[in-house]
Structure formats: structure tokens, C-alpha cells
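The values are calculated or read from the model by the stated rules, or taken from the named source; none is laboratory data. Since the structure is predicted, the reported quantities are computational estimates derived from the model, not experimental observations. Backbone-built Cβ (ideal geometry, glycine too); neighbour counts: all protein chains shown. Surface areas here come from the heavy atoms of the whole protein model, side chains and all, with no ligands, DNA or RNA. Shrake-Rupley method; radii C 1.70, N 1.55, O 1.52, S 1.80 Å.
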Amino acid sequence: MEDSQSIQPSEGTYSHWPLGLILGATAIFSLLLSHVTLLWEDEFFSFYTAAQPSAAAILHLQTHTPFALDPLAYPLTLHAVMVLFGQSAVALRLPSLLGFLLMEFSLFHCIRLAFNARVAYLAALLPLCMSLFDYTTQARPYAMLLGEFGAILSCWYLASNRERRALPLVGLAISIFAAITTHFFGVMILVPVVCAEIYRAFVRRKPDAPMLTAIAIGLSGILADLPVRAAVLPYRLHFYSAPNLHANMLGYSYVWTFGRFFRSLASDPTHGTFWPIWLLLGTVLALSLRETLLHRRNQMPLWVALATLSLLPFFALTTAVFATNAYEPRYALGLAIGFSGLLAIALTPLLKRTWFFYVLIFCIWGSIVPFLFVSANQLATVTAAQRSAMQNFYPAGPVYMAADDCFSPRYFYATAAERDRIVCLYSSDWELRQLHNDTGARTSLAMNGHTPLHFLDFPQYPGKTASGTIWITRNNPTWLDAALRNQGFSLVAIRSDTTGTFYHLQ
């Protein structure tokens, strides 16, 4: 495929309102769910980082004692949003919503140019069906990263198919730089882009120098990450997700991403049946490859990019095993972009039948809309109960909580009069002994002095003199149970609510 080849008009009619419907529904449901969903523990790491008084303060925090383990792009973006729109849950989640919208738009635009509008509509609609949509309602970098991945795919495609490609090349460099500086696993986007470029170079019998230059410029984002990477290195030694670095995590990554359809296959990475995932993935790869070879052979570089993107967990988990010692399924959410595109391409022969296309789209919307409305209603009910519980009067005396025990939401949603009595306990020794990680202790040490929260190292806990004080835990035991009993305390439950249980120490 030569650089001089321009994009041909896609097949079929095209109007903007179906894409507008997808983007509008995404925005409406995301804003609605954000409004009724309380901030959760990880969001507070982002919140307190971005709430620093200036961009310079954020830079200093992230390069010295970070507790939100993200590069600089996301906290700086969130800081700007907070300055412009305030600190409400909806405002904090705006970058996530905008990132998801960018991903949908970019995927639609790219697939429409390569195939046709019907295939593009389905590809852009599928992510709305998956659990990765939930990340539009979280003040975390993952949905923003999805948007950058989508922009990279679209810019790369335009740059590889247009005669006038200066603007796409600039967009490609900026998008890669942004992805790498948004999340440490953002560098994984280079795998599909480089694989596609290797294929193009093989077909063209020469490398595309301007394209490789744009990729190299974007790759310089790694240099901007280096100070933050050095600062988060101590977390790597005993990171909480290290036990998840095993083969089952591959299948679980797809279960996590597809969620609503496959969550019944596995409740955690260690127990589950993953063969339906591999059967589905293999079938989609094979059918989409067949369709591309038979009818769109000139789009093979795009197929290579989508295919390797759909296999992102394999590359990400390999990187985690040999380099980062940290991996969660959400680090590879970009697989949904590749899978959605491939599935839509695989169904191209059926989508040519007008009745099938409209029935399929109707069924998808018919399942999405009621599900999201019901979810919003249920969340509103749960949120009201949680907020009431966290604002309810605490028993007299200090309230001690474990560092790994959703301490930040309890503090944030408590009344102003109650906050001074809430203390977070941490202990590297006990956390390693009971949980086999010390992420909570390291996070507490980093947050101390940079947030209004109160922290106390467990060895400084008052011990027997604190008999009669109260502490709270979730329904699952934490290291604090064992530590207190080791000091001779007996724990008597005195009250439970939707967030946990109060205990009296004797």
C-alpha cells in the first residue's frame, strides 16, 4: 500500500445522527450514573493529587512521594478541570467521559473510512455494551487512555492512507505522547501500531520514514515519565496485584472488559472457565481476517492493528511479569477497541442485509437502555444508603480504620464534626504478614501531609490504654483484626451498616 493511495469513499449511505445518538446516549447515561455514584477509594488518590495548590506542587508530589501511581498527564488534566468546574463527582469524571466519547468517535471514523458506515455504527456501539463503559463514571485515567488509544488508531490510519497527512502525523505524535504520560501501560499502544507498520513496510518494501518519525516523537513521552517511574519504584517490591501475575489473568482480563456478557465465567482470576473467551476471540479473528482478505485486502494493515490491539492483555501481562510486577485487567482495556472493530468486520456479510442490521441495532439498544436506567435507579438507592451510613453519628471516641479499608470515602463523606475523630492505621509489617503486600502502608505514608486525612503507624497505637475506643472495618477481615487480637483485644460488634461494622475493643 503506497503513501499516495487516498482513502476511497465507504460503501453505503452515511448520516451523522446515528453516531450522534451513540455519543449522546453515552454522555447522558455517564452523567446520570456519575451523579448518583459516590467517589470510591482509588478516585480519592486522583482527587487529592489533583487538589494540590498548583501544577508545580503536583509535579513535585508525583516525582517524590506519589500515592496516585499515574504519570503527570492525568493529574494535571484533572487539576485543570477542578479549577474550571469545581470538585463535584460529575466534574471529576469529565475527563473520563470525554475520553470515552473520543474513543467512540475515532473508532467510528476509522472503520467507516476502511469499510462502511454500518460496520462503523456497530463497532462504535459495542463498547457501550461492555463494562468498560463503567470507567466513564470514575475519576481514574483509564477512559481517558481509551480516548487516546482511539485517537492514535484514527490518526495512524489517516496518515497511512492520505496524500496530505501532515495533520494526522502531528496528531499521531501528540496522541502517543499523551497516552504514555497518562498511564504507564499507555506505551502498550505501540505494539499494534508498530506491528501494523511492520506489515506496511513489508508490503511497500520500504519503511515509512515520516510515520516512524511521528511514532518516535510520541515515544519521547517515556522520558517525561522517568522521574515518576523512579518515584513509584518502591511500590513494586510488594505491590498488591503481584499475586495476579499468572496465566488465568489473561482470560480474566477479557471477562473484566466484556463483563456484562461474561462475568458469570469467573468471579476472580483464580477460579473460572475461560475457554468460551478463547473460542469467541479466535472466531472473531478468523472471520474478520477472512472478510478483510476477500473484500478489503488493502485494509490488512488496519486488521493487523486491530488484531494486535485485541490481544493487548498478552503483551501487558508479559510486561508486568518481567518489568513492572503490577497488573490489573483495566490496564489492558484498549483490547475493547480492537475487539469491537474486528467483531463488526466479521459480521460485515450479515450487516449488508438491511433487515439484519436494523434488528441487531434495535436489540442492542433495547438491552442497553433498560439496563442503564435500572442501574442508575439501583445505584441511587444504594448511594443514598451509603451516604446516610457514612454521615451517621459515630460512637464516642476516636474511630480507627485500616489503611486498606476504604478509609478515604468514610472520611470524605463524614460530617465535618466527625472527621477529626477518624484515624487511619497502617503497618507495613502487619500488612505484609496478613495481606502479603504493603501498598496500604506506602500509600498512607505518601498521603500523610499532602491530604487532610489523619494517619497513625500501628506501633504508635495507644494499645491497652485505648480500651473502649471504636474502629470500623468492612465485612471482610483486614490485617487490623489480627494485629488487635495480637495485642490482647477482643472485638465486640456493636453496630453494622451498609459499609461495614463498628467494634468495641475490650
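Over the stretch 79-158, consider all pairs of different Cα atoms and compute the Kirkwood hydrodynamic radius from their mean reciprocal separation; express it in Å, one decimal. Mind dumping the intermediate values first?
Numbers: mean 1/r = 0.0765 Å⁻¹.
In the stretch 79-158 this quantity evaluates to 13.1 Å.
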Could you tell me how many degrees, from 0 to 90 and to the nearest 10, lie between the Cα long axis of helix 73-85 and the main elongation axis, the longest principal axis, of the Cα atoms of the chain? 80
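First measure r as the distance between the Cβ atoms of L280 and Q378, then evaluate 1/(1 + (r/R0)^6) with R0 = 25 Å and state the FRET efficiency to the nearest 0.05. All intermediate terms of the calculation are to be shown ahead of the outcome.
Working: r = 28 Å, r/R0 = 1.13.
Calculated transfer efficiency: 0.30.
Once a ≥ b ≥ c are taken as the square roots of the eigenvalues of the Cα gyration tensor of the stretch 357-435, is the result rounded (a/c under 1.5), prolate (a/b larger than b/c) or oblate (a/b not larger than b/c)?
On the way: a/c = 5.41, a/b = 2.05, b/c = 2.64.
It is oblate, given that a/c is not under 1.5 and a/b is not larger than b/c.
Probe radius 1.4 Å, ligands and nucleic acids ignored: give me the carbon and sulfur share of the accessible area of the chain as a rounded percent.
Numbers: 13710 of 20870 Å².
Looking at the chain in its full context, I get 66 percent from C and S.
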Estimated FRET transfer efficiency when R0 is 41 angstrom, pair R433-Q87 (beta carbons, to 0.05): 0.65
Debye intensity ratio I(q)/I(0), log10, the chain, q values 0.06, 0.07, 0.10 Å⁻¹ (C-alpha model): -0.31, -0.42, -0.82
Once ligands and nucleic acids are excluded and a 1.4 Å probe is used, how much of Y48 is accessible, expressed in Å² to the nearest 10? 20
Could you work out how much longer the chain between F314 and V359 gets when fully extended? Use 0.36 nm per residue separation minus the Cα distance between them, nm to one decimal. 12.7 nm
Considering Cα pairs under 8 angstrom that are at least six residues apart, work out the relative contact order of the chain and quote it in whole percent. 16
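I need the shape label for the stretch 146-292. Rule: rounded when a/c is under 1.5, else prolate if a/b > b/c, else oblate, with a, b, c from the alpha carbon gyration tensor. All intermediate terms of the calculation are to be shown ahead of the outcome.
Working: a/c = 2.58, a/b = 1.29, b/c = 2.00.
Cα axes put the stretch 146-292 in the oblate bin.
Which semi-axis lengths, in whole Å and largest first, follow from the square roots of five times the eigenvalues of the Cα gyration tensor of the stretch 108-212? All intermediate terms of the calculation are to be shown ahead of the outcome.
Working: eigenvalues 125, 66, 27 Å².
Here the semi-axes work out to 25, 18, 12 Å.
Over the Cα atoms of the stretch 182-258, what is the Rg over Rh ratio if Rh follows Kirkwood?
On the way: Rg = 17.0 Å, Rh = 15.6 Å.
Rounded to two decimals, Rg/Rh equals 1.09.
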The stretch 58-125 - convex hull of the alpha-carbon atoms, volume per residue in Å³: 117
What is the spread of the Cα atoms of the stretch 416-471 along each of their three principal axes, largest first, in whole Å? 34, 30, 15
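In what sequence, largest accessible area first, do F373, F357 appear using a 1.4 Å probe?
Details: F373 115, F357 15 Å².
Descending accessible area places them as F373, F357.
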For the stretch 251-368, list log₁₀ I(q)/I(0) at each q in 0.15 Å⁻¹, using the Debye formula over Cα point scatterers of equal strength and ignoring solvent, two decimals each. -0.77
Where does each of 243-250, 38-45 land if you order them by average Cβ count within 10 Å, highest first? 38-45, 243-250
Can you tell me the length gained on complete extension of the stretch L237 to V203, counting 0.36 nm per residue apart and subtracting the Cα distance? 7.8 nm
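Which number do you get for Rg(Cα) / (2.2 N^0.38 Å) in the stretch 331-487? Present the calculation step by step, with values, prior to reporting the outcome.
Details: Rg = 23.9 Å, N = 157, 2.2 N^0.38 = 15.0 Å.
Against the compact-globule rule of thumb, the ratio is 1.59.
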Helix 166-180: angle to the longest alpha-carbon principal axis of the chain, degrees 0 to 90, nearest 10? 20
Helix 335-346 versus the longest principal axis of the chain: what is the Cα-based angle in degrees, 0 to 90, to the nearest 10? 30
